[in-house]
Ligand SMILES: Cc1ncc(C[n+]2csc(CCOP(=O)(O)OP(=O)(O)O)c2C)c(N)n1
Ligand SMILES: [Mg+2]
């Protein structure tokens, strides 16, 4: 048991390093991931430690990066690729949707493409256009992909290790704004795996359901609510696909009220899916319709306007206030 | 149309008309003194703008700035060879090109200040919004050029991208579309040797980036990207050919990104200081100045006058960027569609309600 203070960026770096050390078929490639160590330094030192053949820069082409990974995965490698930013993954969309996601199914399981597509994602960093998209719903809507979004350093390490070991392709969404927050972590301690949500704060009055960049905001809202005498439970979804209906529904049944918090556009999204699933399963336990606090249905705004778009504590608590308390 | 491959190939070395000491190479005529003075004045302003923007990043007035320090001659020439009805398609690094074409620098910098995504009206100066997703704008440039061609207008489109962007699929699709449809586009690649940290050798092992035209039937040319005279001549020639109906042209300028990719980048992680230092003597501004002084076409008084004009521009930029614009939340909802959807109306009302409750507190 060795506890250490690590940022999420360092935990991700450690996961890559440990996976590469354990399994020579694990490769890391993308744009600026070699000597520079990635624009967020997630791959820092990997080229120096494992050589240019294991961690390398490619020509600048996302479709090329993912397409290359498909072929390598077909031929015994376990590629981990980095899309430099959320919105710069779109040139690879064809490869992801038509091939990464479908090869197993097309070939009745004969061809599998275990790979991890790492995507620094979402806003809250004052980034200019095309640097702040929450793109999880595109991936979650594509059968054949696992979609993970860690919200803390321990999960970042544990989930990335699992993603690399997974027989299925994984889109791994790394909340940029959480890269530099430091925490005590024990990397050797197991975390819940792919497909598992986690209750990260106990509470009895209502449940906040969040993932990725919205989890710390939900926890902050719960803290503020506690000072006002309201006890909010917080569930971290962690694994968007596969989705942990059991844990999420058990949590919502225990409180009878829920708010889903997500930074992405709300329309036709992961957040709407969560509301639908929980309502289908927990209708008779609900004292109020489930509310959502999400990004508005607009392109991600410029830095000076992004605070309007990001779910904040006040907006979450307003939604909680709306959960028909007068009836209970 | 059959094309002789040899006729599509660029020259063996980048075209240079003025050497780094300011002396004419004699390869071809240098543009006339008035043209060169106009280019010099724009270079002085360009350098001043790069310096000013860099300072504004340090002062927190700009979120980020991808500087074109060292590449100013490319950007000045790209703008100056165009006519009023032509179009320019710039990238995030091409602030100077947009400004040289006549866009107010304060409006160009709105993107990097963070007030809005694009701060100018593209139709007023025929400068497309600066493109960040690499190479995507090149196809738009082809579309603008093809529409003009179908309407019988003599428009030429200048489409800019970097060396790294030539690896994206859209670069290749754009060249091919333009060639197949015979569209008057000049594809102008500023090869500054790096795509963030990745050196050119990792992008391409082609003899040069200008050679990439051959496979599409597009003639390519190479030019010294720090020699504004050569750039004016080569880009001007390419524009003339495109306008004359000879189809798309590809020009690669060999230059160097003197500063980090942006202020957020640490270039010491991937390149040596002496590599950068070697490019100082090839500076485009001092080269143009040495040439004009050598001819007696530029004296101290004029140098001072150009510098003073650049200072006025810089003061205008400072004033503009130091002015805080109150963010208007209606902007979030007003431009997504021609008309707000019912859902957007609800969402705008929610923000308005939040703000009124904040005010009431
Ligand atoms: C599709 C896409 N992928 C990645 C990026 C991130 N990115 C921004 S600039 C850049 C390097 C571009 O290099 P180059 O084309 O040589 O232009 P330069 O910045 O040197 O002017 C990268 C990778 C992007 N903007 N768009
Ligand atoms: Mg470059």
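Can you put A:249, A:55 in order of Cβ neighbours within 10 angstrom, beginning with the fewest?
Arranged by neighbour count, lowest to highest, A:249, A:55 become A:249, A:55.
For the pair residue A:2 and residue A:325, what calculated FRET efficiency results from E = 1/(1 + (r/R0)^6), where r is the Cβ-Cβ distance and R0 = 45 Å, to the nearest 0.05?
E between residue A:325 and residue A:2, to the nearest 0.05, is 0.50.
By how many degrees, 0 to 90 and rounded to 10, does the Cα axis of helix B:136-150 deviate from the longest principal axis of chain B?
It is inclined by approximately 80 degrees.
Could you please state, rounded to a whole Å, how far the C-alpha centre of segment B:251-302 is from the C-alpha centre of segment A:237-292?
57 Å
For the protein assembly as shown, what proportion of DSSP beta bridges, expressed in % and rounded to the nearest 5, is antiparallel?
Once the DSSP bridges in the protein assembly as shown are tallied, antiparallel ones form about 20 percent.
Using Stokes-Einstein with the Kirkwood hydrodynamic radius over Cα pairs, what translational diffusion coefficient do you get for chain B at 25 °C and a viscosity of 0.890 mPa s, in µm²/s rounded to a whole number?
The diffusion coefficient I find is 114 µm²/s.
Over the alpha carbons of segment B:221-361, what is the largest minus smallest coordinate on each principal axis, giving the biggest first in Å?
69, 42, 39
For peptide A:83-96, how many partner chain Cβ atoms fall within 10 Å of a residue's Cβ, on average?
Mean partner-chain Cβ count within 10 Å for A:83-96: 1.
Work out the P(r) tail for segment A:101-159: percent of alpha carbon pairs separated by more than 16 Å, whole number.
59 percent
Work out how far the C-alpha atoms of segment A:198-321 reach from end to end along every principal axis, then list the three figures in whole Å, largest first.
Over segment A:198-321, Cα extents along the principal axes are 41, 34, 23 Å.
Tell me the angle of helix A:153-165 to the major Cα principal axis of chain A, expressed in degrees between 0 and 90 and rounded to the nearest ten.
50 degrees
So what is Rg over Rh here for the protein assembly as shown, counting just Cα atoms and using Kirkwood for Rh?
Ratio of gyration radius to Kirkwood radius: 1.01.
If you rank A:182, A:177, A:5 by fewest surrounding Cβ atoms within 10 Å, what's the result?
So the residues, fewest neighbours to most, are A:5, A:182, A:177.
Which order do B:87, B:279, A:325 fall in if you start with the one that has the fewest other Cβ atoms within 10 Å?
By the 10 Å Cβ count, ascending, the order reads A:325, B:279, B:87.
Taking each residue in A:125-136, count the Cβ atoms of any other chain within 10 Å of its Cβ, then average. What number comes out? Write out the running numbers ahead of the final one.
Working: counts 1, 3, 3, 10, 10, 6, 3, 0, 0, 0, 0, 0.
So the per-residue partner count for this stretch is 3.
What Kirkwood radius, in Å to one decimal, follows from the Cα pairs of segment A:7-186?
16.0 Å
Return the whole-Å distance between the Cα centroid of segment B:308-349 and the Cα centroid of segment A:98-161.
33 Å
When the Cα centres of segment B:227-243 and segment A:164-236 are compared, how far apart do they sit, in Å?
Value for the Cα centre distance between the two parts: 57 Å.
Angle, helix B:300-322 long axis vs. longest principal axis of chain B, Cα atoms, 0 to 90°, nearest 10?
30 degrees
Every number in this text was worked out from the coordinates using simple rules, so none of it is lab data. Just so we're clear, the structure is a prediction, and the values are computed from it rather than from any experiment. Every residue, glycine among them, receives a Cβ derived from its backbone with ideal geometry; neighbour counts consider all protein chains shown.
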